[in-house]
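What follows is a set of notes on a single structure, which appears directly below.
The values are calculated or read from the model by the stated rules, or taken from the named source; none is laboratory data. Nothing here was measured: the structure is a model prediction, and the numbers come from that model. Backbone-built Cβ (ideal geometry, glycine too); neighbour counts: all protein chains shown. Keep in mind that these areas ignore ligands, DNA and RNA; they rest on the heavy atoms of the full protein, side chains included. Shrake-Rupley method; radii C 1.70, N 1.55, O 1.52, S 1.80 Å.
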Amino acid sequence: MRCLFRQLALTLLVCCLPIAVHADRALMLAGVYRGDVSVTDYWISEKLDGVRARWDGQQLLSRSGYRIHTPEGFTRDWPTIVMDGELWLGRGRFDEVSALVRRTQPDAAAWRAVRFMVFDLPEHGGAFSDRVVAMRALAALQLPALEPVEQFRVRDADALDRRLAEVVQAGGEGLMLHRADARYLPGRSQALLKYKPYEDAEARVVGYTAGQGKYLGQVGALVVEDDQARRFRLGSGLNDALRLAPPPLGSVVTYRYNGLTSGGLPRFARFLRVREQPECCLPAR
């Protein structure tokens, strides 16, 4: 209730205090594929529409470092190596897995279908090609909730475009390109690229604007700040439920956009989904 009261009190205000967007510096973050690299230098995988997580050898952590509460036995017999991946239910099921991950009291029955799809080994030390070999060895463990993401190669950019079309047609989100000779580099890196039919990014909620007209008394837009400290509003894409109960301050949200304005802000930014909420506001069930 304390968190909800604080949120409602700020609903009709634009927060003026600086709240930094600080993506976990230990994670490697993707740039955007724009057709200006040789795709033969990269391993390719499907971009899974799940919740990113890191296994630190003992527990699963969210992108922001919060503990993810899993049912007893979910991580039994997992190796003690550090693994980077996505908690995934399947294509088009992000909202379901996100709801599961946000609970502090896990639903054991619902978690049975969740898999941790491993796409990197941050502390391996070798080039990505070496890490691919090591990740493929995880399949031999035959653990039901642990699976390496399939990594493959393409011969040229046209083949990459065809594979993207196939994935999107089947309900997938896009592709990831990881340079074969790259070490794991924390932070944003051009050694890791995402390729989607549209551009998207993430930002942290730092405030709200008041709704007008039919939205009077509700939230008009989220005020967000990206990892370059740029602030802008996200109103388009918010449904009625989100306008009544917006994501709490500190939540990480995903938005899509079409390029940048002359001022460097996302053009036609549209809210897509809540990626992560602050730990204080996670639902118990």
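Measure off 7 Å from each Cα along the Cα-to-Cβ vector at Q142 and T104, then give the distance between these two points in nanometres to one decimal.
3.9 nm
Looking at L160, S189, Y208, which one has the Cα that reaches farthest to the positive end of the dipole of segment 119-223 (charges on Cβ: Lys, Arg +1; Asp, Glu -1)?
Y208
Tell me, what ³J(HN,Hα) does each residue in segment 132-147 have, in order and in whole Hz, if you take phi through Karplus 6.51 cos²θ - 1.76 cosθ + 1.60 with θ = phi - 60° and put x for Gly and Pro?
Result, ordered by residue: 4, 4, 5, 5, 4, 5, 5, 4, 5, 6, 6, 9, x, 9, 10, 8 Hz.
Rounded to whole Å, give me the distance from the Cα center of segment 241-278 to that of segment 97-122.
23 Å
Under a plain spin-label model, where a point goes 7 Å from the Cα along Cα-to-Cβ, how far apart in nm are N239 and F268?
Result for the modelled spin labels: 2.3 nm.
What's the carbon and sulfur percent of segment 119-241's accessible surface, probe 1.4 angstrom, rounded to a whole number?
About 49 percent, which is the carbon plus sulfur part of the accessible surface.
Please work out the average accessible area per residue across segment 187-285, using the 1.4 Å probe convention, and give it in Å². Intermediate values should be presented prior to the final figure.
Numbers: 4580 Å² over 99 residues.
Per-residue value: 46 Å².
Just for the Cα atoms in segment 42-95, what are the lengths along the principal axes, largest first, rounded to whole Å?
29, 28, 22
Which residue, R131, R162, R103, has the most motion in a Gaussian network model of the chain that connects Cα atoms within less than 10 Å?
Maximum among the listed residues: R162.
Averaged per residue, what accessible area in Å² does segment 108-152 show with a 1.4 Å probe, protein chains only?
Values: 2160 Å² over 45 residues.
On a per-residue basis, segment 108-152 sits at 48 Å².
Using a simple spin-label model with points 7 Å from Cα along the Cα→Cβ vector, what separation in nm is obtained for Q190 and Q169?
3.3 nm
Under 19 Å from the 7 Å Cα→Cβ point of F152, by amide nitrogen: which residues of segment 86-120?
Hits in segment 86-120 for F152 at 19 Å: 90-92, 117-120.
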